[in-house]
Amino acid sequence: MAHSQETRDTVRRLYVEGMPLNGAAITAGVSYDTAQDWKRRAKAKGDDWDDARAAYRISEQGIDDLNQQLVEDFARQVLTTTRELENATIPASDKAQLLAQLADAYAKFSKAFSRVNPQFSALAVALDTLTLVAEHLRAEDPAALRALQPHFEVIGQAIGNRYG
């Protein structure tokens, strides 16, 4: 089924303005696969929807709001992944290793982000400390790391409230 240019433009506009691609597709009445295809084809022609989205965020929100949104987006992904690991049917040792890797990725993100946003430095230090604890427990006491796992979300929120 062919869709009008207006429908394609609507999907692009909604995505650029911040709606997830699947939400933009549903709103415009097209499938997610179709929206992905339009996005991919547009990029091949030089219209990168992700670049347009980033530019829109900067112009609409300002750099401080954009920085906050980047941190929130990354933190949300970390929390989602942590929740998925809680329900995963994989060995506990694999979960512990994945959690340590996730904490490491978060620490690296924090460190990199603090370079461009000095106010983020205190949060980076706090998260780095949490990563060190997780790495130590992974190596020395995996059972303790598994016991700590359900508390990561609350600890992360407390750190975010204090330093974010």
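Every residue, every condition in (1) crowded, with 16+ Cβ neighbours inside 10 Å; (2) in contact with an Asp or Glu (Cβ under 9 Å, 6 or more places away or on another chain), yes or no:
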| residue | (1), (2) |
| --- | --- |
| GLU6 | no, no |
| VAL11 | yes, no |
| ALA25 | yes, yes |
| LYS39 | yes, yes |
Residue within region 16-27 that is modelled with pLDDT of 80 or more and either assigned by TED's automatic domain parsing to the domain that holds ARG138 or basic (Lys, Arg) (or both) present: no
Some residue of region 47-69 being closer than 30 Å to LEU148 by Cα, in contact with a Lys or Arg (Cβ under 9 Å, 6 or more places away or on another chain), in the same structural domain as HIS151 (by TED's automatic domain parsing) and not β-branched (Val, Ile, Thr): yes
Members of region 141-164 found to be within 17 Å of GLN77 (Cα to Cα), touching a residue at least 24 places away in the same chain (Cβ under 8 Å) and part of a helix (DSSP H, G or I), listed by number: GLN149, PRO150, PHE152, GLU153, ILE155, GLY156, ILE159, GLY160
Cross-chain or 6+ apart pairs with Cβ under 7 Å, region 86-100 first and under 15 Å from ALA147 (Cα atoms), then assigned to a loop (DSSP other than H, G, I, E, B) and among the aliphatic types (A, V, I, L, M): LYS95/ALA88
Single unsatisfied condition, ALA88 versus (1) modelled with pLDDT of 85 or more; (2) in the same structural domain as GLY156 (by TED's automatic domain parsing); (3) surrounded by fewer than 15 Cβ atoms within 10 Å (Cβ to Cβ): (1)
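The values are calculated or read from the model by the stated rules, or taken from the named source; none is laboratory data. These figures come from a predicted structure and were not determined experimentally. When we count neighbours, we look across all protein chains shown, and the Cβ atoms used for this are built from the backbone with ideal geometry, even at glycine.
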